[in-house]
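Notes to accompany the following structure.
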Amino acid sequence: MTKLTELKGIGDKNAILYEKLGIRAVEDCVFYFPRDYIVYEKIAGPEEFVLDSMTAFCAVVCARPLVKRAGKLTITSVMLSCDHTAVNAVWFNMPYLSKSLNVGSTHIFRGIITAEGDHFHVRQPMIWKVEEYERLLGRINPVYALTKGLTNRAVTKTVGMAFDYLGDGYDRRLYDMHFPKDEDTLIKARESLVYDEFLAFILSLRINRSKEEYDVNSFNIIEDARCERIIEKLPYKLTNAQMRVWNEVKSDLTSKRSMRRLIQGDVGSGKTIIATLAAIMTSLSGKQSAIMAPTEILAGQHYDYISSLLKGSGCDLKVVLLTGSMTKSAADNVREMIKNNEADIIIGTHALFQEKVIYNDLALVITDEQHRFGVMQRDMLSQKNSNDSCHILVMSATPIPRTLAMILYGDLDISVIDELPAHKLPIKNAVVNESYRKKAYDFIRKEVLAHHQAYVICPLIEESEGLEAKNVSDMTKELSGYLSADGIKVSMLHGQMKASEKQKIMDSFANGDTDVLVSTTVVEVGINVPNATVMLIEDADRFGLAALHQLRGRIGRGRDQSYCIFMSGTKNERTMKRLEILKNSNDGFAIAEEDLKQRGPGDIFGIRQSGDIKFRIGDIYNDSAVLKRAANDADVILKEDPDLSDPAHAQLRRKVEEATTFSMV
Ligand code: ADP
Ligand code: MG
């Protein structure tokens with residue numbers, strides 16, 4: 001690996017920014033794939049301007065830019081002349097621009113053109129040198145995910161330099177992912193990389209699996225009437241589907257053949273209680289059970305839920321929480337309890353399978369919200385019992401069509417909770433545009449004043465150059481300003497906060513101190529605050545449908561009517577049609593299928609990864625045909641060479657090993 005600072009123009013200060021994107025070495029750059037692509041518009045003359053659409057035009061700066069302050073905002077405005085037609089350009093918080101906009105200088109400006117009064121306006125246009133823009137024309141240009149302080153242009157340049165630096169040592173397909181000659185090249189490169197990725201993943205899955213196919217155990221877990229009593233005391237009746245799945249799990253747990261079961265159920269179908277009962281039953285038989293969640297917030301929530309459920313149940317079980325952000329002494333203490341068998345039910349994040357955690361008698365491993373990489377993590381955790389083979393229970397809300405589930409979870413028995421709790425009212429949905437904004441805020445106020453709570457979801461954490469999308473930080477200020485007069489408390493939450501801070505905010509939302517939570521998609525997985533009845537999703541068109549469905553699953557969890565507002569400024573008809581799917585259905589399976597139908601194969605622009613099975617490039621829905629092909633090929637390969645020992649498979653073997661290790665990160 002080569003330090004990023006080896007590249008020209010990247011100093012220590014910049015290197016820190018790149019590290020935020022996960023880029024530490026020059027070699028990492030080539031794997032930092034674009035999140036989208038853009039084809040720049042050809043340069044238009046004023047007679048070709050189309051109002052409200054993205055336009056690039058060449059113009060001369062007519063007068064010195066004006067920089068005004070308005071509160072915290074600085075506004076830079078300048079009068080431009082495009083072929084003798086006046087265009088007024090405005091930028092926010094970019095006072096430094098005025099230096100490069102010399103009177104008489106010519107640039108290319110690119111932004112959305114509007115008309116006000118008798119001349120044209122453009123807000124926040126990007127600026128290029130004429131030659132620079134011309135070089136971009138007629139090509140597919142990468143759009144990268146950014147962080148504050150890095151522009152798309154800077155990242156593009158760095159990635160380009162990385163390829164130059166690495167010389168011929170890189171995979172040509174990687175180059176084509178960033179800088180494709182044309183669309184065809186891009187599609188081919190991507191498909192080929194996706195195939196490799198899937199093939200390595202499936203092979204690693206099958207090879208690791210075949211070793212332990214018929215594992216037996218001597219746990220002697222038995223049914224316990226106290227579990228049934230807990231069920232009776234629940235504030236609701238289990239659905240038939242939940243009962244059926246619970247019976248399947250019970251019979252697995254009491255069997256000598258270790259359980260390997262996936263519980264699939266749409267958001268809100270009530271998977272948590274089944275997992276909880278399984279853990280309680282196991283631990284009542286004197287064994288340890290572990291529940292692993294993908295985020296600390298979710299782990300904390302499971303811990304609270306199970307602790308409260310056990311109170312007064314007559315089950316004398318010790319529940320502990322272990323996460324990465326605990327202080328060393330607290331974690332040491334918990335680990336000691338796990339080791340000497342004081343702890344019965346152990347809940348946590350990936351901290352659960354660290355080497356230094358030694359279990360006394362682990363019999364059941366539950367993974368909530370199964371992630372792709374959780375496949376390997378779950379196995380690492382289940383290997384924490386070296387004498388016996390643990391029962392494995394995996395829970396997922398990702399609505400995977402059966403054929404795909406067979407490939408990805410072929411080693412598991414599948415239980416489906418295909419019924420939502422009966423008393424629940426279906427969520428009411430609305431797809432709206434900016435003109436509805438005030439109404440949306442008023443609606444949130446109304447619901448909060450009726451003692452409910454609301455989520456507001458934004459794509460970004462903070463303002464990011466070149467991306468016209470709502471961010472959590474500004475949105476929180478805006479909403480606080482709007483709602484604080486009514487005593488409504490607005491807080492924000494995002495993934496870059498410290499774990500302890502996230503926990504504090506989540507707790508305050510869960511116990512009702514915070515009324516409105518403005519958040520990124522960190523709330524996507526599993527959070528359960530039944531009192532929240534409104535969700536406003538900003539720039540909804542920027543999310544995949546599966547992700548939107550998961551997000552929406554955070555509401556509609558209690559008895560009251562819930563509402564989801566999908567806000568989007570897009571005028572793109574196809575995008576609107578996609579959002580309509582969500583408006584018309586609350587069923588994850590139907591949404592996934594419809595989504596797949598509406599996207600064409602090779603539909604590569606704006607692909608976003610969906611659901612909780614994440615690959616570096618591939619997407620199980622969009623690339624389902626490639627996934628099936630890779631699965632077939634994996635079967636053929638393994639039939640002839642079950643452990644890939646054939647020298648002809650040396651390279652493939654290395655990739656499979658890589659896939660396995662990568663999965664453990
Ligand atoms: P998920 O399947 O998305 O993990 P949860 O297990 O978190 O869903 O359950 C969602 C909400 O529904 C919780 O508030 C839970 O208490 C409640 N719930 C679960 N089962 C039922 C049921 N049978 N009837 C009514 N409410 C239920
Ligand atoms: Mg859940």
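Every number in this text was worked out from the coordinates using simple rules, so none of it is lab data. Fair warning: this is a prediction, and the values are worked out from it, not measured in the lab. A quick note on method: Cβ atoms are made from the backbone with ideal geometry, for glycine too, and the neighbour counts reach across all protein chains shown.
Data for the structure
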quantity	calculated
Exposure proxy order (Cβ contacts within 10 Å, fewest to most) of F615, F509	F615, F509
Inter-site label distance for E434 and D418 at 7 Å from Cα along Cβ, in nm	4.5
Check: region 428-585 dipole with +1 on Lys, Arg Cβ and -1 on Asp, Glu Cβ, in debye	540
Set of lysines near K13 by C-alpha distance (under 16 Å), chain-local residues within fewer than 8 positions excluded	K3, K148
For the chain, share of DSSP beta bridges that run antiparallel, in % to the nearest 5	40
Loop GluC sites (Glu not before Pro), region 152-233, which have at most 11 other Cβ atoms in a 10 Å radius of their Cβ (DSSP)	E213
Taking Y96, Y563, Y170 and counting other C-beta atoms within 10 Å, the order from fewest to most	Y96, Y170, Y563
Cross-link reach list, lysines versus K99, counting only Cα pairs under 19 Å and skipping chain neighbours closer than eight places	K68, K129
Angle between the chain longest axis and helix 152-166 axis [Cα atoms, degrees, rounded to 10]	70
When each of K20/K428; K20/K328; K498/K655; K287/K504; K287/K628 is checked by Cα-Cα distance, pairs over 28 Å	K20/K428; K498/K655; K287/K504; K287/K628
Relative contact order %, the chain, counting alpha carbon pairs below 8 Å whose residues are six or more apart	13
Approximate spin-label separation I16-K148, in nm, with each point projected 7 Å along Cα-to-Cβ	1.3
Mean ellipticity per residue at 222 nm, deg cm²/dmol - from DSSP H runs of n ≥ 4 across the chain, formula -39500 (n - 2.57)	-11500 deg cm²/dmol
Order of K384, K628 - criterion: other Cβ atoms within 10 Å of each residue's Cβ, fewest first	K628, K384
Student exercise, the chain dipole from Lys, Arg, Asp, Glu Cβ charges, in Debye to nearest 20	1200
Three-way shape call for region 222-301 based on the alpha-carbon gyration tensor, with the a/c threshold at 1.5	rounded
Cα gyration tensor of region 428-585 - equivalent ellipsoid semi-axes, whole Å, descending	22, 18, 16
